[in-house]
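Read the structure below first, then the notes.
The values are calculated or read from the model by the stated rules, or taken from the named source; none is laboratory data. Here the structure is a predicted model, which is why all the values come from computation and not from measurement. Virtual Cβ from ideal backbone geometry, glycine too; neighbours counted across all protein chains shown.
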Amino acid sequence: MIVLNFAHPLTSEHLAAIERLTGQTVERVLDVKTQFDWGKPFKEQTRELVERIGLSPEEWQTTPLLVNLPSLSVIAALVLAELHGRMGYFPPVILFKPASEATPPRFEVIEILNLQEVREEARKRR
């Protein structure tokens with residue numbers, strides 16, 4: 001599995017938790033520097049951001065991918081829309097929570113959210 005990391009660096013503890021939760025081996029982590037220019041259209045910047053990942057159309061559709069979303073919600077929404085268009089489905093994403101009583105602050109992986117499953121369940125309520 002490849003992790004597309006649009007946020008803070010992932011630690012060895014994060015990767016171990018991801019492997020435990022998914023039952024899959026993390027083969028690669030692709031760190032995608034996500035810094036947008038407020039003076040330029042976000043839609044175009046999102047397309048360019050995802051293009052920089054360098055996966056082929058076949059890889060987008062066949063490679064197991066897991067996503068660590070950007071922190072800014074509007075960029076996360078745009079990234080999800082762009083990824084869905086390339087992959088044909090919503091990718092699973094990583095959910096973090098602040099570690100209790102950690103100084104300095106740190107975060108731990110608590111769940112892998114299957115967004116495609118959420119979408120399919122929501123369709124039943126239309």
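VAL74 - would you say it is surrounded by 13 or more Cβ atoms within 10 Å (Cβ to Cβ) and either assigned to a strand (DSSP E or B) or modelled with pLDDT of 95 or more (or both)? It is false that VAL74 is surrounded by 13 or more Cβ atoms within 10 Å (Cβ to Cβ) and either assigned to a strand (DSSP E or B) or modelled with pLDDT of 95 or more (or both). Applying the set (1) under 19 Å from ALA7 (Cα atoms); (2) out of contact with any Leu (no Cβ under 9 Å at 6 or more places or on another chain) to SER100 leaves exactly one unmet item: (1). A single member of LEU65, LEU21, LEU55 is under 16 Å from MET87 (Cα atoms), surrounded by 14 or more Cβ atoms within 10 Å (Cβ to Cβ) and touching a residue at least 60 places away in the same chain (Cβ under 8 Å), and it is LEU65. Against the numbered list (1) surrounded by fewer than 14 Cβ atoms within 10 Å (Cβ to Cβ); (2) at pLDDT below 95, PHE107 comes up short only at (1). Within the stretch 78-108, which residues are closer than 18 Å to ASP31 by Cα and under 13 Å from the mean Cα position of the chain (by Cα)? Residues satisfying the conditions are LEU78, VAL79, LEU80, GLU82, LEU83, PRO91, PRO92, VAL93, ILE94, LEU95, PHE96.
Beta carbons closer than 7 Å, at least 6 apart along the sequence or on distinct chains, pair a first residue in the stretch 109-126 that is in contact (Cβ under 8 Å) with a residue 40 or more places away in the chain with a second that is in a helix (DSSP H, G or I) and hydroxyl-bearing (Ser, Thr, Tyr) for ILE112/THR22.
A quick yes/no check of all residues on (1) under 16 Å from GLN116 (Cα atoms); (2) in a helix (DSSP H, G or I):
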site: LEU15; (1), (2): no, yes
site: ILE18; (1), (2): no, yes
site: VAL26; (1), (2): no, no
site: LYS43; (1), (2): no, yes
site: THR46; (1), (2): no, yes
site: VAL50; (1), (2): no, yes
site: GLU59; (1), (2): no, yes
site: LEU66; (1), (2): yes, no
